[in-house]
Amino acid sequence: MSYQLYSAPDSANLVIQMILEQLDAPYELCWLNRGQGEHRRESYMKLNPQGLIPTLVDGEHAVFETAAIALYLGQKYGRLVPAADDAVAYSRCLQWMFYLSNTLHADLRVQFYSDRYRPEGTSPEDFLSKIRARVFGHFSLLNDELQKHASGSWLLGEELSVCDFYLAGLARWSALYPQGQAIDSEQLLSLPALNNFLTRMEQFPAVSRSIADQSVFGGLLRYPDPPDLPPAMITG
Ligand SMILES: N[C@@H](CCC(=O)N[C@@H](CS)C(=O)NCC(=O)O)C(=O)O
């Protein structure tokens, strides 16, 4: 039976789609029109009470939060997540998934939707510039971690994991959104291990196929291009 992945173009569902592709798992994309507020409709909020995208439906079971969905799939297939009885390796995976989710992704949401978070009286440019610097700091920390491993390896070391697909998506969006005011690609790619990591991630068919499904006809992870769609379909 196919999983149903509730999605919007170039939204966090992209991470899950890349993982489903890498696992060769059957799925269908259920597109929500963000411009028309379909993610806030009662029927969808029964699946995801936050009204956020993505949600994965597996038969009777619905899971939300990108990191939780990724871990669920990895555990179900016994791939891309270390076995839970290897406590050390599993804790490393959780450590980076939490960091990606509750530090990097959480701050990226402030970058994407800065008007929702900006304190009254603060200049929009100053606020955005501070949050971009914070986000860049998180990527620097991840670059340091990647640099600790042998070249050709991944965030957890030798084994490719769900963390890598999450990091790839976050790096893509950080240099794209908000459009025209995101982190400069050159600055991001000045982090050498991150640049090398993204170059290698772009080679996975799971990555290129999934990004193409977002109506993206140009750059994938490094120097990313936005979907070729009206802005209302791809912004908050
Ligand atoms: N912590 C959530 C964040 C998901 C998220 O930010 N989704 C965005 C799309 S990328 C969204 O639904 N935005 C609509 C909104 O915030 O109103 C997760 O990881 O699932």
- request: Using the structure shown, decide if LEU20 is away from the ligand (no atom under 11 Å from the Cβ) and farther than 30 Å from GLY218 by Cβ.
  value: no
statement: Taking region 1-57 and the residues there that are assigned to a loop (DSSP other than H, G, I, E, B) and of a type in the set (S, T, N, Q), the one that is most open to solvent (accessible area, probe 1.4 Å) would be GLN50
- prompt: What single numbered condition from (1) open to solvent by less than 70 Å² (accessible area, probe 1.4 Å); (2) over 28 Å from GLY157 (Cα atoms) fails to hold for GLY180?
  reply: (1)
task: Quick one: count up the residues across region 95-137 that are within 15 Å of the ligand (Cβ to nearest atom) and either closer than 21 Å to SER161 by Cβ or open to solvent by less than 40 Å² (accessible area, probe 1.4 Å) (or both).
output: 18
- prompt: Which helices (runs of 4 or more DSSP H) sit wholly inside region 99-213 and have at least 3 residues that are over 16 Å from ILE19 (Cβ atoms) and among the hydrophobic types (A, V, I, L, M, F, W, C)?
  reply: 106-112, 124-148, 192-201
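The values are calculated or read from the model by the stated rules, or taken from the named source; none is laboratory data. Computed from a predicted model, the values in this text were never measured in an experiment. Virtual Cβ from ideal backbone geometry, glycine too; neighbours counted across all protein chains shown. Ligands, DNA and RNA are stripped out before the accessible areas are found, and what is left, the full protein with its side chains, is counted by its heavy atoms. Shrake-Rupley method; radii C 1.70, N 1.55, O 1.52, S 1.80 Å.
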